[in-house]
Amino acid sequence: MVDDDLESGNLGPYQDRPRTFPNMRNKAYTPLIFRILLGINVRVLFILLLLGFGAIFYIGASTSPIIVFVFSVCILSFLVSLYLAKWVLAKDEGPPEMVQISDAIRDGAEGFFRTQYGSISKMALLLSLVILCIYLFRSTTPQQESSGLGRSTSACITVAAFLLGALCSGIAGYVGMWVSVRANVRVSSSARRSAREALQVAIRAGGFSAIVVVGMAVIGIAILYATFYVWLGVDLPGSMKVTDLPLLLVGYGFGASFVALFAQLGGGIYTKAADVGADLVGKVEQGIPEDDPRNPAVIADLVGDNVGDCAARGADLFESIAAEIISAMILGSTMAQRCKIEDPSGFILFPLVVHSFDLVVSSVGIFSIRGTRDSGLKSPVEDPMTVLEKGYSVTIVLAVLTFGLSTRWLLYTEQAPSAWFNFALCGLIGIITAYIFVWISKYYTDYKYEPVRTLALSSSTGHGTNIIAGVSLGLESTALPVLVISISIVSAFWLGHTSGLIDEKGNPTGGLFGTAVATMGMLSTAAYILTMDMFGPIADNAGGIVEMSQQPESVREITDVLDAVGNTTKATTKGFAIGSAALASFLLFSAYMDEVSAFAHEPFNQVDIAIPEVFIGGLLGSMLIFVFSAWACSAVGRTAQEVVNEVRRQFIERPGIMDYKEKPDYGRCVAIVASASLREMIKPGALAIISPIVVGFLFRILGYYTGHPLLGAKVVAAFLMFATVSGILMALFLNTAGGAWDNAKKYIETGALGGKGSDAHKAAVTGDTVGDPFKDTAGPSLHVLIKMLATITLSAVCIESETLSIPCSLPPATRKEKQHQRQREEMERASTPNPNPNKSLPSSGGSGKRKLPTAQELISHYESQGLESREASTKVIEDLQKALFGVISSGRGKKDRVLMESSRKIDAVNNRITVIDMKLDSKPGYVETFAIGLASGAALKGIGALIPHIAHIWNSLANATKSPP
């Protein structure tokens, strides 16, 4: 019986089975950029590379020595990755049947990648136009006004950063897939010699991808930062301050998140639809082993491992690192500005240095895993997880040392000499948190521990009990990670709070930055974590190639062990990713509130969920997580149904498949899954992008008519807060439950509870198919979603707050509140004596005719005396009013006395003159013409320039001179 032979592994000699497999295309696909580079003469290419490196280092040297250090480490890391790639590709590919299967997988993966990323690039270009329009119509912050950064420049910078982030994220995904489709067959071939060699090949292949992904994230942000620094003339007189520069990088994080979301959705739908379809018909209905060559969906399943687990995970971790770096840079610059630190570059560039050291320590950890001295000798199969944990331990020890060195180098300041030590402890908390997360994920998903074995035992009583046990395990697994995250955030916040860094008023300001440093500590071993993650799908593919090419059972045993460990490493990486996403989202949420404050010119420090509209925003955010997860899982289900129907059709129409007399049509299943996944990824992705923008815009309009100008921003803050919390819990549940179901099946396949083909095994397969969309589609997509919500709200602040430059006036209720508030401010300032009454305003120009100062020079004058930008602008307005009253009161006669009386009335009810200030905000050019014309004594010129606004001024003066009722 064929089934008995399959279950016992007795498939006979290789020559007895047909072992030829189709290519999906006649010609291998190479991206356009690589075809162009390969067509260039080697010497010309070398010269171009030298010029490129020279330009990069010139920009870096013009910015900061820290940037030069980051560039140097990244370039050296790329050279290390090239060595790893050369070492892996030097390994043999095995017999021809292995090569044929590998070529089919490679062609299918590259074909889908090209189609998928072609669709994503079109959507990215469309979204970049939307971003351009939004930024062209939004108002600028006082910092941007003071630096002369106009709307068009700001729009172009944001769009360029968005497109660069999207491009780099796409390259990161391609690199992850490129190495996996070439390393899988080499791992299969190495498994014929020894388990340790196969493990080393898989680890080094994953290490190549990890180093390139992390290095690209770091050097991409560094190049963008340095380019903006040089181009905008940062820190030069009258230009942007360096503390304002990190906000221009938000578009980079949004672009990376955008591509990662669709890559994760499309790849996850592809891989799990093929996997579910192959398992339900192949294992359950036909009783054939996993990755059996008779299954028509097996090639689609193996292709999905590469596009879903490798390409998508590379883009996922790329955007995680990018979002964390940008948010930490924003918080570091904000804290340095508040504390008046002389050289804030250390606090701003600290995240880049941490991840530069991450490349170094992770490379050491990868190279610490060595092969056996004599690969020709058969050695006992050792536990690959133990070997991986040894390399991780080496990486963690080195990460602690380099993190402490980085904090002492960059975070030491004379204002708080011991602050760097507190921040080093924050980083240590992050590193410990990462290690605990890895352990928790391993405990709940590795079949060596009780939870998975209990789940496997529940399979012996049926399919339903397996599902119930898996759901309960996933729900329970959320407790420990949440407790760890909570303790980490509180501990890091208070260490930063007590660091000794204070603002001008004496308030501690290092709390949020301490949390940012903890997030950096958690991601300080990201390259090695990504290496372990890439190890999983490479080992899975290797096992599939061994099964399809019908290698000896001893080879399959080695790849089965690697595959089981790969499932655990993928689960631990997902736990690590959701933990870092939680911390990074907390940082981005804080940056969002600071950005709203800057644009709305009002404090925005807390969100009151007792307000009905705000509470509704929170409910909508939680709803988004559940609807998004439902749509992602249902997309897998619908696509899997198409695969199941196709596989059943082939088994019915080609009965010779089961006897190896007919060959399955692998290409048909690949085409079905590819087209369906591209179609199904649009709806949940569009929901994630549009929801926060629509919610913010609708509630902003509601706030406008109800007299609450910041209602839209508050509702979006609650939307973001609740979505983050719900997303963390949902992702933890989905990832852990899916991983536990998968390894429960693997545990039974080792021979426990009846082994393969038993009723317990069939129930475990059902649980595995339910968990597939959980752990590889919806769960990983939520990692990206909660960070993308933060970056998209941060990029679209103007939609949620009153900052779009559209002509509209505030409702009466808001005007009265504004007037009363500004009246109190005016009375407080009037009661405070001027410390420098005789100090004159600046005058530009040298000897000879006196040149009139501009509004910017007046504001800069007061900023040099220690005032904030907003306070300096208010001070200039006060001086203009006094100059106007001085001109009026300098006349004589009855007419002059009437004007003097009017001026006294205006001075007595100074709050009403704020109507002019309000009109000032909605009339471009009003401040500058008013300042130049009146503050310099040229009243006639100023009045002439104000003719377009004369109606508003006349009404304001008429209202102000009326006696109070």
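The values are calculated or read from the model by the stated rules, or taken from the named source; none is laboratory data. Because the structure is a prediction, the values reported are computed rather than measured. Positions of Cβ are backbone-derived with ideal geometry, glycine not excepted, and every protein chain shown enters the neighbour counts. Surface areas here come from the heavy atoms of the whole protein model, side chains and all, with no ligands, DNA or RNA. Shrake-Rupley method; radii C 1.70, N 1.55, O 1.52, S 1.80 Å.
A few notes on this one:
- Residue under evaluation S499, criteria (1) small (G, A, S); (2) open to solvent by less than 10 Å² (accessible area, probe 1.4 Å); (3) part of a helix (DSSP H, G or I), criterion not met: (3)
Rundown of residues vs (1) surrounded by fewer than 24 Cβ atoms within 10 Å (Cβ to Cβ); (2) among the acidic types (D, E); (3) modelled with pLDDT of 90 or more; (4) more than 18 Å from F576 (Cα to Cα), yes/no style:
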residue: I299; (1), (2), (3), (4): no, no, no, yes
residue: C310; (1), (2), (3), (4): no, no, no, no
residue: R313; (1), (2), (3), (4): no, no, no, no
residue: A323; (1), (2), (3), (4): no, no, no, no
residue: A328; (1), (2), (3), (4): no, no, no, yes
residue: H355; (1), (2), (3), (4): no, no, yes, no
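- Close Cβ contacts (under 6 Å, 6 or more residues apart or on different chains) running from residues in the stretch 426-450 that are without any contact (Cβ under 8 Å) to a residue 40 or more places away in the chain to residues that are among the basic types (K, R) and open to solvent by less than 40 Å² (accessible area, probe 1.4 Å) are absent.
- Per-region count, the stretch 716-726, residues surrounded by fewer than 24 Cβ atoms within 10 Å (Cβ to Cβ) and aromatic (F, W, Y): 1
- Residue within the stretch 502-521 that is open to solvent by 30 Å² or more (accessible area, probe 1.4 Å), free of Cβ contacts under 8 Å to residues at least 60 places away in the same chain and touching a helix residue (DSSP H, G or I) at 6+ places or on another chain (Cβ under 7 Å) present: yes
- Hey, Q100 open to solvent by 60 Å² or more (accessible area, probe 1.4 Å) and not hydroxyl-bearing (S, T, Y) or not: yes
- Every residue from the stretch 287-335 that is more than 21 Å from K574 (Cα to Cα) and out of contact with any Leu (no Cβ under 9 Å at 6 or more places or on another chain): E290, P293, R294, N295, P296, A297, V298, I299, A300
- Entry remark, the stretch 427-471: residues being open to solvent by 60 Å² or more (accessible area, probe 1.4 Å), part of a helix (DSSP H, G or I), of a type outside the set (A, V, I, L, M, F, W, C) and under 21 Å from K745 (Cβ atoms) number 7 in total.
- Residue list for the stretch 407-425, restricted to those being more than 18 Å from L583 (Cβ to Cβ), in a helix (DSSP H, G or I) and in contact (Cβ under 8 Å) with a residue 40 or more places away in the chain: W409, L410, A419
- Hey, I487 part of a helix (DSSP H, G or I), open to solvent by 60 Å² or more (accessible area, probe 1.4 Å) and either touching a strand residue (DSSP E or B) at 6+ places or on another chain (Cβ under 8 Å) or modelled with pLDDT of 90 or more (or both) or not: yes
- When S128 is tested against (1) open to solvent by less than 60 Å² (accessible area, probe 1.4 Å); (2) closer than 30 Å to S363 by Cβ; (3) modelled with pLDDT of 85 or more, just one condition goes unmet, and that condition is (2).
- Given (1) open to solvent by 10 Å² or more (accessible area, probe 1.4 Å); (2) at negative phi, index of the condition G165 fails: (1)
- Whichever residue in the stretch 727-768 is buried (at least 24 other Cβ atoms within 10 Å of the Cβ) and polar (S, T, N, Q) and, among such residues, is nearest to S441 (Cα to Cα): T736
- First in the stretch 221-239 and polar (S, T, N, Q) and open to solvent by 20 Å² or more (accessible area, probe 1.4 Å), second anywhere and part of a helix (DSSP H, G or I) and at pLDDT below 80, Cβ under 7 Å, 6 or more apart: S239/S147
This table checks each residue for (1) of a type in the set (A, V, I, L, M, F, W, C); (2) at pLDDT 85 or above; (3) within 28 Å of A256 (Cβ to Cβ).
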| residue | (1), (2), (3) |
| --- | --- |
| F78 | yes, yes, yes |
| S81 | no, yes, yes |
| E110 | no, no, yes |
| I120 | yes, yes, yes |
| L132 | yes, yes, yes |
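- Scan of the stretch 77-92 for residues that are over 25 Å from the mean Cα position of the chain (by Cα) and surrounded by fewer than 17 Cβ atoms within 10 Å (Cβ to Cβ), ordered by number: L79, L82, Y83, K86, W87, L89, A90, D92
- Among the residues of the stretch 585-632, those identified as closer than 21 Å to G332 by Cα, free of Cβ contacts under 8 Å to residues at least 60 places away in the same chain and in contact with a helix residue (DSSP H, G or I) (Cβ under 8 Å, 6 or more places away or on another chain) are P603, N605.
- Every condition in (1) in a helix (DSSP H, G or I); (2) surrounded by fewer than 24 Cβ atoms within 10 Å (Cβ to Cβ) holds for G282 except the one numbered (2).
- Here A419 clears all of (1) open to solvent by 20 Å² or more (accessible area, probe 1.4 Å); (2) of a type in the set (G, A, S); (3) out of contact with any helix residue (DSSP H, G or I) (no Cβ under 6 Å at 6 or more places or on another chain) except the condition numbered (1).
- Close contacts from the stretch 688-715, counting a first residue that is open to solvent by 60 Å² or more (accessible area, probe 1.4 Å) and a second that is part of a loop (DSSP other than H, G, I, E, B) and not charged (D, E, K, R), with Cβ to Cβ under 6 Å and a gap of 6+ residues or different chains, come to K714/V607.
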